[in-house]
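Notes follow once the structure below has been shown.
The values are calculated or read from the model by the stated rules, or taken from the named source; none is laboratory data. From a predicted model like this one, the values you see are computed outputs, not experimental measurements. FYI the Cβ positions are ideal-geometry reconstructions off the backbone, even for glycines, and counts take in every protein chain you see.
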Amino acid sequence: MKTYLVGGAVRDKLLGRTVRERDWVVVGATPEQMKSLGYRQVGRDFPVFLHPETHEEYALARTERKTAPGYRGFEVHAAPEVTLEEDLQRRDLTINALAEDENGEIIDYHGGLDDLDKRLLRHVSPAFAEDPVRILRVARFAARYAHLGFRVADETIGLMRRMVEDGEADALVPERIWQELEKALGERSPAVFFEVLRDCGALKVIFPEIDRLFGVPQPAKYHPEIDTGVHTLLVLGQAARLSDDPMLRFAALTHDLGKGTTPKEILPSHRGHEERGARLVTRLCTRLRAPKAWREMAVLVARYHTHVHRARELKPSTLLRTLESLDAFRRPERFADILLVCEADARGRTGLEQRPYPQRDYLLGAAGAAAAVAVAPLLDEGLRGQALAQALARRRIEALTAYRRHYEQHRPA
């Protein structure tokens, strides 16, 4: 019975990154032996055990055989005679197929050390093609390590492309797509995730709403990058710089989905894309079973980002309706997050990445001015129901009018 540290812990240790969790492979053991040593079995599909003290996962060495389409169609064989080399053979990437023995020696059967040096994400064997989730995983690893110079090997991109052509990506279920998407949005360079998926042809299968944005023109006057798909990934990159919250990054990613369905006869204008986008975001979130909070945030950004950009041009009455629609008074923290995403949108344009975004401070100030209108005096006047709501709206419009006047008089030149 021998135990080896494997996978991500070895990889990240060699890269000098913080190791957040450690996984182990046990060779030459049976489930009964593991239980007799105090390990608790937790695996359903194959034997995985929790260490009695550290609670880290220890999996018996295993092999897998493809038995049906999709990522669930595998038959797992775990037995004492399965070797470490056989276990590592079934892993996705060479840099994830490294092991470390009890003496700290690195065991590398598949060139993982060389690929670490070359900064390559390369598949271990043709068996990679048996699991479509690996398409998403490779794209996610590319997003995680892009800043270190990693790229997907040409032969791996080619294999992923063949998988898509063979219909493997069609077998991905919403829950698994969402799981990988959420993780990818939390990575250092989330836009790379979508670049890799597009490169192998999976984007149009898994996220068609995003794929159709590429090649759609926008007015060069406002968008020097012109291409809507390029703009979308620039916005996602800006959102990643402004916040590490994946939910905000998702809203940035989906803010312009409506431009993918703009009638060709009005291009490069995108009149009405906001409402079209809100409907598409809703459909996308429903299909992927996104959390409610994510859906609500993304829909609001899609529907109102143009209003936010034009905030200083809005009449006080329109501004109040916008603040109310964004629930700025009851949910000021979320309102601030929405403004951050809009700032990312404004900066996600070629050559305008450092451009100031005064709309954010303007709207935060406007919301504060309107929220400061006291309700108690109106109640003292005996106003209730609709009369109270109308009176409060009038007072808030007056407050916003005064705020706007003061802002214009004192804003920096």
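Would you please name the residue that is farthest from Tyr304 (Cα to Cα), looking only at residues in the range 346-360 that are among the basic types (Lys, Arg) and touching a Phe, Trp or Tyr at 6+ places or on another chain (Cβ under 8 Å)?
Step one: filter the range 346-360 for residues among the basic types (Lys, Arg), giving 347, 349, 355, 360.
Remaining after also requiring touching a Phe, Trp or Tyr at 6+ places or on another chain (Cβ under 8 Å): 347, 349.
Values: Arg347: 17, Arg349: 19 Å.
Selected residue: Arg349.
What is the residue count in the range 1-32 for residues that are over 29 Å from His123 (Cα atoms) and at pLDDT 95 or above? Let's see the steps before the verdict.
Restricting attention to the range 1-32, the residues satisfying the condition of being over 29 Å from His123 (Cα atoms) are 30-32.
Pick out the ones that are also at pLDDT 95 or above and you get none.
Going through the range 1-32 one residue at a time, the tally reaches 0.
With respect to Pro377, determine if the residue is not in a helix (DSSP H, G or I) and not hydroxyl-bearing (Ser, Thr, Tyr). Quick ask: steps written out before the conclusion?
Values: not in a helix (DSSP H, G or I): no; not hydroxyl-bearing (Ser, Thr, Tyr): yes.
So Pro377 fails the test.
Taking Lys118 as meeting all but one of (1) surrounded by fewer than 17 Cβ atoms within 10 Å (Cβ to Cβ); (2) within 20 Å of the chain's Cα centre (by Cα), write down the number of the exception.
So Lys118 meets the others, but not (2).
Take residues that are of a type in the set (Val, Ile, Thr) and assigned by TED's automatic domain parsing to the domain that holds Thr232 and tell me which of the helices (runs of 4 or more DSSP H) falling wholly in the range 260-340 contain 3 or more.
Working: elements: 273-288, 292-309, 316-325.
Filter on the range 260-340 gives 273-288, 292-309.
Kindly indicate which of Thr232, Thr282 is of a type in the set (S, T, N, Q), modelled with pLDDT of 95 or more and buried (at least 22 other Cβ atoms within 10 Å of the Cβ).
Result of the check over Thr232, Thr282: Thr232.
When you go through Pro132, Pro190 one by one, which is the residue that is crowded, with 23+ Cβ neighbours inside 10 Å and touching a Phe, Trp or Tyr at 6+ places or on another chain (Cβ under 9 Å)? Full working, then the answer.
On the way: Pro190 fails: touching a Phe, Trp or Tyr at 6+ places or on another chain (Cβ under 9 Å).
From the options Pro132, Pro190, the qualifying one is Pro132.
For the range 63-77, does any single residue satisfy the condition of being more than 25 Å from Thr156 (Cβ to Cβ) and at pLDDT 95 or above?
Taking every residue of the range 63-77 in turn, none turns out to be more than 25 Å from Thr156 (Cβ to Cβ) and at pLDDT 95 or above.
Tell me yes or no: at least one residue of the range 199-208 is assigned by TED's automatic domain parsing to the domain that holds Ala142, in contact (Cβ under 8 Å) with a residue 24 or more places away in the chain and not hydrophobic (A, V, I, L, M, F, W, C).
Taking every residue of the range 199-208 in turn, at least one turns out to be assigned by TED's automatic domain parsing to the domain that holds Ala142, in contact (Cβ under 8 Å) with a residue 24 or more places away in the chain and not hydrophobic (A, V, I, L, M, F, W, C).
Got at least one residue in the range 391-404 being surrounded by fewer than 13 Cβ atoms within 10 Å (Cβ to Cβ), part of a helix (DSSP H, G or I) and at pLDDT 95 or above? Walk me through it before giving the result.
First, pick out the residues of the range 391-404 that are surrounded by fewer than 13 Cβ atoms within 10 Å (Cβ to Cβ): 402.
Still in the running and part of a helix (DSSP H, G or I): 402.
Then drop every residue that is not at pLDDT 95 or above, which leaves 402.
Yes, that holds for at least one residue.
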